[in-house]
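The next block holds one structure in the form of structure tokens; read it before the comments.
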Amino acid sequence: MLAFLILLNSLMVLDIAWKSEVLILDLAYQTNKTLPMKVFTSKLLAELEEHLNEINLHKEDTIQSAEDAINVTIIILEKLKTFSISHTFENKGDEINFFKIIKPQFVSRLIYYNEIHNIESNKEHIICQPIL
């Protein structure tokens, strides 16, 4: 019961920190819509890494950890999508760089944690099956 309360408390703290960072980032985006793509994406990637590290530190259940990481990554990808839609690329090279170099850095995390979730989910299913 104590472990559950500690976990619940850490999740609430993480949720509050997450919401405050989202508000700060949203305010920064609203006040400076001409924020350069490299600056925005590097801050967004650092934010994603920070949240993923927090999730990995505070979770012992791998499946739940992977689910939380997937949810956080999807939220960050939505922010990236919103910014990229409103951002006008200076030239074709910048646009190619975004889709070839920058965006895969975010999507790779989603693929990774999705695979972790699939592997761990199937592992529990296989372990529970009786050997014939």
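No lab work stands behind these numbers, since they all come straight from the coordinates. Keep in mind that what you see is a predicted model, and the values were worked out from it rather than measured. Don't worry about glycine lacking a Cβ; one is built from the backbone with ideal geometry, like all the others, and counts go over all protein chains shown.
Lysine pairs in region 34-118 whose alpha-carbon atoms fall under 19 angstrom of each other, counting only those eight or more residues apart or on distinct chains, come to 16. Shown in residue order for region 61-71 are the 3J(HN,Hα) couplings computed by the Karplus curve 6.51 cos²θ - 1.76 cosθ + 1.60 at θ = phi - 60°: 7, 5, 5, 5, 4, 5, 4, 5, 5, 4, 4 Hz (x for Gly and Pro). Neighbour counts of other Cβ atoms within 10 Å put 42, 84 in the fewest-to-most order 42, 84.
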